[in-house]
1. Look at segment 637-690 and say how many of its residues are part of a loop (DSSP other than H, G, I, E, B) and over 42 Å from the mean Cα position of the chain (by Cα).
2. Restricting attention to segment 138-149, and to residues there that are in a strand (DSSP E or B) and surrounded by fewer than 21 Cβ atoms within 10 Å (Cβ to Cβ), which single residue is farthest from the ligand (Cβ to nearest atom)?
3. Can you pull out the residues in segment 209-223 that are away from the ligand (no atom under 15 Å from the Cβ) and more than 17 Å from LYS185 (Cβ to Cβ)?
4. If I filter segment 511-522 for residues that are over 42 Å from the mean Cα position of the chain (by Cα) and assigned to a helix (DSSP H, G or I), do I get at least one hit?
5. Between GLU573, GLU610, which is closer than 26 Å to LEU550 by Cβ, among the acidic types (Asp, Glu) and surrounded by fewer than 19 Cβ atoms within 10 Å (Cβ to Cβ)?
6. Can you find, within segment 604-625, the residue that is modelled with the highest pLDDT among those that are under 17 Å from LEU567 (Cβ atoms) and in a loop (DSSP other than H, G, I, E, B)?
7. Keeping to segment 469-489, report how many residues are part of a loop (DSSP other than H, G, I, E, B) and acidic (Asp, Glu).
8. Hey, among GLY292, GLY307, GLY256, which residue is touching a His at 6+ places or on another chain (Cβ under 6 Å) and either within 30 Å of ARG169 (Cα to Cα) or exposed (fewer than 15 other Cβ atoms within 10 Å of the Cβ) (or both)?
Amino acid sequence: MTAEERISKLRTDLDKHNYSYYVLDEPSVPDAEYDRLFNELKALEAEHPHLVTPDSPTQRVGGAALAAFQQIRHEVPMLSLGNAFEEADLREFGRRVTEGLDLPSADLLGEGASVDYSCEPKLDGLAVSLLYRDGQLVQGATRGDGSTGEDISSNVRTIRNVPLKLHGRGWPQVLEVRGEVFISKAGFERLNAAQAEVGGKTFANPRNAAAGSLRQLDSKITASRPLEFCCYGVGQISKPIALSHIDTLQQLKAWGLPISRELRHAAGVEECLAYYRDIGERRNALAYEIDGVVFKVNSLASQRELGFRAREPRWAIAHKFPALEELTEVLDVEFQVGRTGAVTPVARLRPVKVAGVTVSNATLHNMDEIARLDVHIGDTVIIRRAGDVIPQVMQVVLERRPDDARAVQIPHQCPVCGSHVERTQLVKRSKGRTTISEGAVYRCVGRLSCAAQLKQAIIHYVSRRAMDIDGIGEKSVEQLVDEGLIRSPADLYQLTFDQVVALEGFAEVSSNKLLEAIKASQKPTLARFIYALGIPDVGEETAKVLARSLGSLARVQAALPQVLTYLPDIGLEVAHEIHNFFQDPHNQQVIEQLLASGMQLQDEGELAAEFAASTTLAGLIAKLDIASVGPTGAEKLVAKLGSLDAIIAADGIDLRQALSAKPAEAVREFFKDPEHQQLARAIEAQLLDFGMHWSSEKKTAAGLPLAGQTWVLTGSLERMSRDIAKDHLEGLGAKVAGSVSSKTHCVVAGPGAGSKLTKANELGLKVLDEDAFITFLGEHSITL
Ligand code: IVH
């Protein structure tokens, strides 16, 4: 085969795969195979540049930037649609159609001739026109004012599901198709995340993102955006295609143009309404945003008969859904205090209906968000309520800012308890250096003396996944706190029958039930108890890790941040939150009271074996974050000098035996500071106290059941995180590797396992599924 033939074959194959993927929604080859063919074509074209044609699938990368868009006149004007908002509007439309077509209208029994309609979603993007001559895409244009648009040919060529060349045969020599260019919800999220990462502009909604991406003078930028096209009609055509709208679209689909999967027939207006309701219910679940549905009289002859009124067809209508975005005014910004004391700004809005629900508040998250949006009190803002998401303030309409608009100030005093409000700090430790920067969050320092924090703390404490105290709702918690009956979670255990029965909504039976539930909660597992304490950043998973690894409340309370970072999934930030929480005298007092009230923690026990095995002296040195001393340097130090005392005491000459000049100097500098010496000794003392034995530094693997073995984890595990699985394996002495080879002892394969599992099977290795793995762990006394 000549290069030319191979190129042609590759193009045909890639086009076919594209068609299966984008138009039929049935991928015909795995992505990797597609990429392989694509790269082969790219390489061949690079070798033979004279064989590159504009319709090659490689030509979707965008070209040179333009100075301006050229104007393009639409041979057939691009019209807009009349709108229906209520069912009555649609019935009225149906009557006009029946009358216009001179059909007998529905009689009292509802038996009129029914008009055949097509139903399609109304995609929320931008209308474009694509011109194909002899099956080749030659031009793309925006709608513009309907008569004149802009030439965006280089941009539309970058859209993956726009065919550069039509499939099959029999297309009109001139074929102008029309449709919507849009960005899916997932594409929008991805795009905004990528924009935010590089500090670029984020978009308020998928429609704006699509508009901003399509109207780029630099088509390379367009090429990098997740634009999609969906075809809903034709403009100028040099010969008729079909007799009905739906048949036209089906024919376009056969020629390779993407049409909506939701395209349906409806016999009469009532079936149209059923379609509207059905799509409305599925609106949130659709992959893209729609702002309504479009109904069109299906017969093209009937369309001609009905004709146009002004710039709208009499044969089509858009039945709109309630808008997701509305304009309203920020009446005030108030501050709410949450469980951990975070003071959150909330916008009080002039009430407005958004997607059928009246919205009068929207969270502004934190002061950084207020600065980003530049919200002032008195501003008109765009708010948005998509799906079940809480309403968001998307944008300020600056042109409408009144002269007396006020900037938002963070209060110095907590609006609930009057305590001081402090800005949180972000502490980063790296390479022996600590940098402190200002966080976006402000906190009330009042803790449980602040009624807002106390209420939230109690609500969290009694919640199902925490202490699971049934029969007490938010209202009763508020009452208990407001009446001064409860000042800390420990006071729950002092409540009397008389106090409870006096609460609103409580009678004798419910009071007794609540008191019983409170009593029954006194035997929690250690993990539940830790979670119930409401330590900032400590969710259920982290609570479980703490309980399982350290085994006792006393150890969790005492653990130094550096020691906590030995545990799976606990970073230094969270470790500091945990440590600070337990250092706080007020929190200490609450815990003492809780224990004194008769709390019996259920599964306190030994330190987990894998934790003991995961600590080494070299690991400790590495955790100190001494500049230029990584894990390898730390190991060399330990190998040469043997103990922490020796390392602290070492002079430059001793250190140079283990390390090169720079890190040796860094170690000496570091330990010159008595605080650093003290810290290192405290960590060591604590690890030893918790059951570590460095003297047996080498014991890490030797003597453990999986010593010398290499294991591989692949696929997703459902009952534990991969990190935890890895820790268990390492705790048993195994090495956990990322790839399968003949040296692998065993592969743990969860659902979705791919090439690693295939390779393991090819090599005849031992493979365990998750259940078998859990049984295996059980055999080694590790329970989940
Ligand atoms: S038909 C003469 N069908 O809605 C009929 N339009 O308000 C022209 N749109 O500019 C349009 N989905 O951008 C039609 N399935 C659909 C549509 C649709 C979205 C947009 C299009 C048009 C606007 C009309």
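The values are calculated or read from the model by the stated rules, or taken from the named source; none is laboratory data. Everything numeric here is computed off the predicted structure, so don't read it as measured data. As a convention, Cβ positions derive from the backbone with ideal geometry for all residues, glycine included, and neighbour counts pool all protein chains shown.
1. First pass over segment 637-690, keeping only residues part of a loop (DSSP other than H, G, I, E, B): 642-643, 650-651, 659-660, 673, 690.
Now restrict to residues that are over 42 Å from the mean Cα position of the chain (by Cα): 642-643, 650-651, 659-660, 673.
Looking only at that region, the number is 7.
2. Start the filter on segment 138-149 by keeping residues that are in a strand (DSSP E or B), which leaves 138-142, 148-149.
If we keep only those that are surrounded by fewer than 21 Cβ atoms within 10 Å (Cβ to Cβ) as well, we get 138-139, 148.
Numbers: VAL138: 22, GLN139: 18, THR148: 15 Å.
Selected residue: VAL138.
3. Residues of segment 209-223 that are away from the ligand (no atom under 15 Å from the Cβ), as a first pass: 209, 212-213, 216-223.
Of everything in segment 209-223, those that are away from the ligand (no atom under 15 Å from the Cβ) and more than 17 Å from LYS185 (Cβ to Cβ) turn out to be GLN216, LEU217, ASP218, SER219, LYS220, ILE221, THR222, ALA223.
4. yes
5. GLU573
6. Per the criteria, the residue is GLU604.
7. Within segment 469-489, residues that are part of a loop (DSSP other than H, G, I, E, B) and acidic (Asp, Glu) number 2.
8. Matching residue, one of GLY292, GLY307, GLY256: GLY256.
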